[in-house]
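The values are calculated or read from the model by the stated rules, or taken from the named source; none is laboratory data. Everything numeric here is computed off the predicted structure, so don't read it as measured data. Every residue, glycine among them, receives a Cβ derived from its backbone with ideal geometry; neighbour counts consider all protein chains shown.
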Amino acid sequence: MVGKHWLRCGLLVCCVLLAATLPAYAEPAESTKPIGQVAQSLAISGTVTMAPSLASKGSATDTLFVFAREMNGPPMPVAIVRATKKDLPFTFRLDDSTSMMPSRKLSDVGMVVIVARISKSGQAMPQSGDLEGMSQPVKPGAGGITVVIDHERP
């Protein structure tokens, strides 16, 4: 009889310990978003257009780069997409899937500017003669951003 009593006590202690750990494994509350949804909600989207005064410059096959650059960080883009001039007006979406490095994601940064650049050479590095435009500072999660390519790099 004594053995059965100790077995029941041991089972009871195990059940109490298991119950105590359940909140750590409970389903997230409805207000909590899974990580993937948080990153997607921190996407930046909008449209790139070209100023009429520059419309005749460049060719339809020139490369269009649209990227997010940190306001107070290195000049290297955080996220980037590529298209061509013939795609203008171009609808863009920048998010963690368009980040250049896994260790530096759009969802991890603060204020950014969105830069649109038409490159004759196809190189992402700015060069003289490239056509550019820039947004006002925005936070990841912003939508409806408009970037107008409105000047030529000297």
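Scanning region 97-120 for residues that are within 26 Å of K86 (Cα to Cα), in contact (Cβ under 8 Å) with a residue 40 or more places away in the chain and touching a helix residue (DSSP H, G or I) at 6+ places or on another chain (Cβ under 6 Å) gives a single hit, I118.
Restricting to region 21-78, give me the number of residues that are part of a helix (DSSP H, G or I) and either modelled with pLDDT of 90 or more or buried (at least 16 other Cβ atoms within 10 Å of the Cβ) (or both). If you could, list the steps in order and put the result at the bottom.
Keep residues of region 21-78 that are part of a helix (DSSP H, G or I), which gives 21-25, 35-41, 52-54.
Filter once more, keeping what is either modelled with pLDDT of 90 or more or buried (at least 16 other Cβ atoms within 10 Å of the Cβ) (or both): 39-40, 52-54.
The qualifying residues number 5.
A search for C-beta distances below 7 Å between a residue of region 57-84 that is free of Cβ contacts under 8 Å to residues at least 12 places away in the same chain and any residue that is surrounded by 14 or more Cβ atoms within 10 Å (Cβ to Cβ), counting only pairs 6+ apart in sequence or on different chains, returns P75/R69. Checked against the criterion of being surrounded by fewer than 20 Cβ atoms within 10 Å (Cβ to Cβ), of a type in the set (A, V, I, L, M) and at pLDDT below 95, region 80-92 has no qualifying residue.
Pairs meeting the criteria (first residue in region 121-136 and touching a residue at least 24 places away in the same chain (Cβ under 8 Å) and within 11 Å of V66 (Cβ to Cβ), second residue aliphatic (A, V, I, L, M) and not in a loop (DSSP other than H, G, I, E, B), beta carbons under 7 Å, at least 6 apart or on different chains) are G133/A116; G133/V147; G133/V148; G133/I149; S135/V113; S135/I114; S135/I145; S135/V147.
In region 115-154, how many are under 23 Å from S56 (Cα atoms) and either among the aliphatic types (A, V, I, L, M) or outside any strand (DSSP E or B) (or both)?
As a first pass, look at region 115-154 and keep what is under 23 Å from S56 (Cα atoms): 115-135, 146-154.
Now narrow it down to the ones that are either among the aliphatic types (A, V, I, L, M) or outside any strand (DSSP E or B) (or both): 115-116, 118, 120-131, 134-135, 147-150, 153-154.
Within region 115-154, residues that are under 23 Å from S56 (Cα atoms) and either among the aliphatic types (A, V, I, L, M) or outside any strand (DSSP E or B) (or both) number 23.
Among residues that are closer than 19 Å to R153 by Cβ, in contact with a Leu (Cβ under 9 Å, 6 or more places away or on another chain) and at pLDDT 95 or above, L131 is included.
Return yes when V66 is under 15 Å from the mean Cα position of the chain (by Cα) and among the β-branched types (V, I, T) and no when it is not. Reasoning before the result, please.
Numbers: under 15 Å from the mean Cα position of the chain (by Cα): yes; among the β-branched types (V, I, T): yes.
Yes; evaluated as a whole, the condition is true for this residue.
Take D95 and tell me if it is modelled with pLDDT of 95 or more, of a type in the set (D, E, K, R) and surrounded by fewer than 16 Cβ atoms within 10 Å (Cβ to Cβ).
No; evaluated as a whole, the condition is false for this residue.
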